[in-house]
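A short reminder: the numbers here are calculations on the coordinates, not readings from a lab. The model shown is predicted, which means the values in this text are computed figures rather than measured ones. Note: ideal-geometry Cβ built from the backbone for every residue, glycine included; neighbour counts use all protein chains shown.
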Amino acid sequence: MQAEIIAIGTEITSGAKLDTNSQWLSLQLAEIGISTVFHTTVADSLQANVDVLRIARDRADVVLITGGLGPTLDDLTREAMAAMAGVELVLHQPSLDLIEKFFRSRGREMPARNRIQAMFPAGSTPLVNPIGTAPGVWQEATRADGKTCVLAAMPGVPSEMKKMFFEQVRPRLQGDGLIIRRARINCYGLGESQAEEMLGDLTARGHDPEIGITAHEATITLRIIAEGRTEAECQEKIAMAAAAIRERLGEYVFGIEDEELEHIVVRDLTAAGQTFATIECATGGLLAQRIAHVQGAGVCYRGGIVLPRLGGEFEAVAQRVREESHADWILVVGPETSTVDSDRHTLSDIPLALYGDTALAIRIDLKWSGNPAITKSRACKSALDLLRRRLAHTAFNEG
């Protein structure tokens, strides 16, 4: 089965608010084996709403709608659903009674305008909203190909929408017997095209399970989507895909799901009973901030210093920080040097260094000509990756 999710509201299309409902609903549908193939956002225009609903009805088996069920003049969902089906809006007295009761429970008289919330497209079924005034709508419509499409309209308020989905919409949805499970594997140190080349057929269209590649601030995430009849079948597919990814990408893989490089560094140092400190120039304290947000970081992180410049005195400063912090490792992010080439591209050069014991363990120059807005984030990640790889190499040699 395929689904379309429609988010209604000019506040969304204008950019004033972010649509998080559609993302949440897509994940919930996947739990019962329904794939979401379209996300549509539409402003508060009756004709636009009707057009969108007609298109969705004819190309999806399930259409979930959020927003537009309030009492104000710009809440047009119920009218649009009626127009799409070619029926009238009719009063549902039990729903009106519940809305009036809702207002009485709060010591208020129901405004006359709220009566519209008890109006439903003829032939549809009201969905009770126990924590708000806006009932939902369950409607079945005949597609152009003669098949049936089911539509469920829910409030745009996330708390009301989620409760209605769990209690009244999800029980009515019948999947095709499949379930969908997802997993993420995170990598650092290579680009999207290089990752795809190394993965080969694993990312080919039609591969089971599906493996997609996304990038965010130089972190590559491999998204595994597995379909199966049972939880065990899906997890087996995910495990096989994850093993193949790790085999092909090797040390580029650093974590799973929401893990960031700082989580891995803190985990590995804590396990080894070692500590580290940081010295920052180009990142202005961002590296320390990322580390401080990791739960349990205080066990291995001895703190750091932020300097406006460092010059070439890496080793002297590192030694001073070592003596003050008694850390096993000193991670240094040097100053940024920027130049502009003939094409007016900004080229950044940031030295990174790692000191272990009393000597320089490794030093590299991070050269970057991409988006300058992520230069600091990339420098932090590259520094952490330097330490992560060194720790992994040390552990491997000791083992």
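Amide H contacts for residue 366 (H built 1.01 Å from N in the peptide plane; partners 5 or more residues away or on another chain; cut-off under 5 Å): 350, 352.
Under the membrane-span-like helix rule (DSSP H runs whose alpha carbons stretch at least 15 Å along the helix axis, mean Kyte-Doolittle hydropathy 0.0 or higher), the chain yields 261-272.
A simple spin-label model places the labels of residue 38 and residue 274 5.5 nm from each other, with each point 7 Å out along Cα-to-Cβ. DSSP assigns beta bridges within the chain; of those with both partners inside it, close to 65 percent run antiparallel. As a proxy for reagent exposure, 32, 65 were ordered by neighbouring Cβ count within 10 angstrom, fewest first; the result is 32, 65. For residue 346 and residue 246, the FRET efficiency from 1/(1 + (r/R0)^6), where r spans their Cβ atoms and R0 equals 41 Å, is about 0.70.
Amide H to amide H, with H built 1.01 Å from N, residue 275 comes under 5 Å of 328, 329, counting only residues 5 or more places away or on other chains. Adding -39500 (n - 2.57) for every DSSP H run of four residues or longer, then dividing by how many residues the chain holds, sets the calculated 222 nm ellipticity at -11000 deg cm²/dmol. Just tell me the longest site-free run in the chain, where the sites are trypsin sites (Lys or Arg not before Pro) in a DSSP loop having at most 15 other beta-carbon atoms within 10 Å. Looking at the chain, 18-105 is the longest stretch - no exposed trypsin sites (Lys or Arg not before Pro) with at most 15 other Cβ atoms within 10 Å.
With contacts taken as Cα pairs under 8 Å and at least 6 residues apart, the range 2-172 reaches a relative contact order of 22 percent.
Of (1) -0.43, -0.66, -0.85, -1.39; (2) -0.38, -0.63, -0.84, -1.20; (3) -0.23, -0.41, -0.66, -1.55, which is the value of log10 I(q)/I(0) by the Debye sum over Cα atoms at q = 0.06, 0.08, 0.10, 0.15 Å⁻¹ derived from the coordinates here? Here the calculated entry is (2).
Quick one: grab the alpha carbon gyration tensor of the range 108-183, order the square roots of its eigenvalues as a ≥ b ≥ c, and give me rounded if a/c is under 1.5, else prolate or oblate depending on whether a/b is larger than b/c. Oblate. Among 16, 215, 359, the residue with the largest mean-square fluctuation in a Gaussian network model of the chain, with springs joining Cα atoms closer than 10 Å, is 16.
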